[in-house]
Amino acid sequence: MKLYCDPISTTSRPVMLFIAEHHLAVELVHVDLMNGGNLDAEYLALNPNGIVPFLVDGDFGLGESAAILRYLAQKSGSATYPADLKARAKVDEAVSWFSMQFHEYFCLFTCYPTMGVPHGLDPVLAQGLMAYGEEQSVRWLKVLDQHMLGGRAFVAGDHISIADYLGISFVLLGEVAAVDFSPYPNIERWIARMKARPAFDRTFAGFHGLVSFIRSQSQIPA
């Protein structure tokens, strides 16, 4: 199998972390987003969406981070996507929640404008989006802290699931915007728990380098 990805990609890191922790025989093929590698003709022929990650397993191709996580978990027999119907449904619920509610207000509005995404966004509009995102994100951070993580170690139960792999990449985008997680102690404990995982540092090294660069350019406090 091959995974076309970039460590700076928020949606690549969950799959990369899953692969590393499960010791899967998957070749990581770097698609250089900073230099437009996702728009190269060769890559577009493989994945017309021109985004990462993208998994190739023989003659089978699959895009979208959540779908790839589900596929790899089922292919490898990982307990991170449980066989029990109700337990799996709760994992699916958390994956959808991160991908929809949380991603929209926290990632798109609060964090990405700090990174200059979308490119060419008017600075005044960017500030307005970030202010709106910060205001609206409080609701979803409280849900994550008090309900999804309240009284348990991981977002869908007492054991790690594919929802945690996806969610931690989204939540840690807050480091780009210097989001203060101290009002959310359960989130802080979960972040620490995920950062302590054996493959975390090497998987997120490229992201942390990007965070340092963005902060140095925008004078965001460390």
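The values are calculated or read from the model by the stated rules, or taken from the named source; none is laboratory data. Just so it is clear, the structure is predicted and the values come from calculations on it, not from any experiment. Using ideal geometry, Cβ is built from the backbone for each residue, glycine included, and neighbour counts are taken over all protein chains shown. Ligands, DNA and RNA are excluded from the accessible area calculation, which covers all protein heavy atoms including side chains. Shrake-Rupley method; radii C 1.70, N 1.55, O 1.52, S 1.80 Å.
To keep it simple, each residue is scored yes or no on (1) under 15 Å from Met148 (Cβ atoms); (2) not basic (Lys, Arg).
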position: Ser76; (1), (2): no, yes
position: Asp84; (1), (2): no, yes
position: Lys90; (1), (2): yes, no
position: Gln101; (1), (2): yes, yes
position: Glu104; (1), (2): no, yes
position: Cys107; (1), (2): no, yes
position: Tyr112; (1), (2): no, yes
position: Met115; (1), (2): no, yes
position: Pro123; (1), (2): no, yes
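Here His30 passes the criteria (1) more than 13 Å from the chain's Cα centre (by Cα); (2) open to solvent by less than 40 Å² (accessible area, probe 1.4 Å) except the one numbered (2). Output the residue which, of all residues in region 44-66 that are part of a helix (DSSP H, G or I), among the hydrophobic types (A, V, I, L, M, F, W, C) and in contact (Cβ under 8 Å) with a residue 24 or more places away in the chain, is least open to solvent (accessible area, probe 1.4 Å). Among those residues, the one meeting the criterion is Ala66. With the structure loaded, tell me whether Ala25 is surrounded by 17 or more Cβ atoms within 10 Å (Cβ to Cβ) and either within 21 Å of Phe204 (Cα to Cα) or touching a Gly at 6+ places or on another chain (Cβ under 8 Å) (or both) or whether it fails that test. Considered against the rule, which asks whether it is surrounded by 17 or more Cβ atoms within 10 Å (Cβ to Cβ) and either within 21 Å of Phe204 (Cα to Cα) or touching a Gly at 6+ places or on another chain (Cβ under 8 Å) (or both), Ala25 comes out as no.
Scanning region 81-95 for residues that are in contact (Cβ under 8 Å) with a residue 24 or more places away in the chain and either more than 24 Å from His22 (Cα to Cα) or open to solvent by 50 Å² or more (accessible area, probe 1.4 Å) (or both) yields a total of 2.
Here Gly174 meets the list (1) touching a Cys at 6+ places or on another chain (Cβ under 8 Å); (2) under 15 Å from Met16 (Cβ atoms) almost entirely, failing just condition (2).
Pairs meeting the criteria (first residue in region 119-144 and farther than 27 Å from Asn186 by Cα and free of Cβ contacts under 8 Å to residues at least 60 places away in the same chain, second residue part of a helix (DSSP H, G or I) and open to solvent by less than 100 Å² (accessible area, probe 1.4 Å), beta carbons under 6 Å, at least 6 apart or on different chains) are Ala126/Pro113. Taking only region 7-22 into account, find how many residues are open to solvent by 20 Å² or more (accessible area, probe 1.4 Å) and charged (D, E, K, R). The total comes to 1. The number of residues in region 124-169 that are modelled with pLDDT of 95 or more, open to solvent by less than 50 Å² (accessible area, probe 1.4 Å) and either of a type in the set (Asp, Glu) or part of a helix (DSSP H, G or I) (or both) comes to 15. Please verify whether Tyr4 is within 27 Å of Leu108 (Cβ to Cβ), at pLDDT 95 or above, surrounded by 19 or more Cβ atoms within 10 Å (Cβ to Cβ) and more than 21 Å from the chain's Cα centre (by Cα), treating the condition exactly as stated. Judged against the criteria, Tyr4 is not a match. For Met115, the conditions (1) open to solvent by 20 Å² or more (accessible area, probe 1.4 Å); (2) without any contact (Cβ under 8 Å) to a residue 60 or more places away in the chain all hold with the exception of (2).
Restricting attention to region 37-54, and to residues there that are within 16 Å of the chain's Cα centre (by Cα) and of a type in the set (A, V, I, L, M), which single residue is nearest to Ala25 (Cα to Cα)? By that ranking, first place goes to Val52.
What do you reckon, is Leu69 open to solvent by less than 60 Å² (accessible area, probe 1.4 Å) and either β-branched (Val, Ile, Thr) or closer than 30 Å to Arg139 by Cα (or both)? Yes, satisfied.
One residue stands out in region 172-222 among those that are free of Cβ contacts under 8 Å to residues at least 24 places away in the same chain and of a type in the set (A, V, I, L, M): the one that is least open to solvent (accessible area, probe 1.4 Å), namely Ile191.
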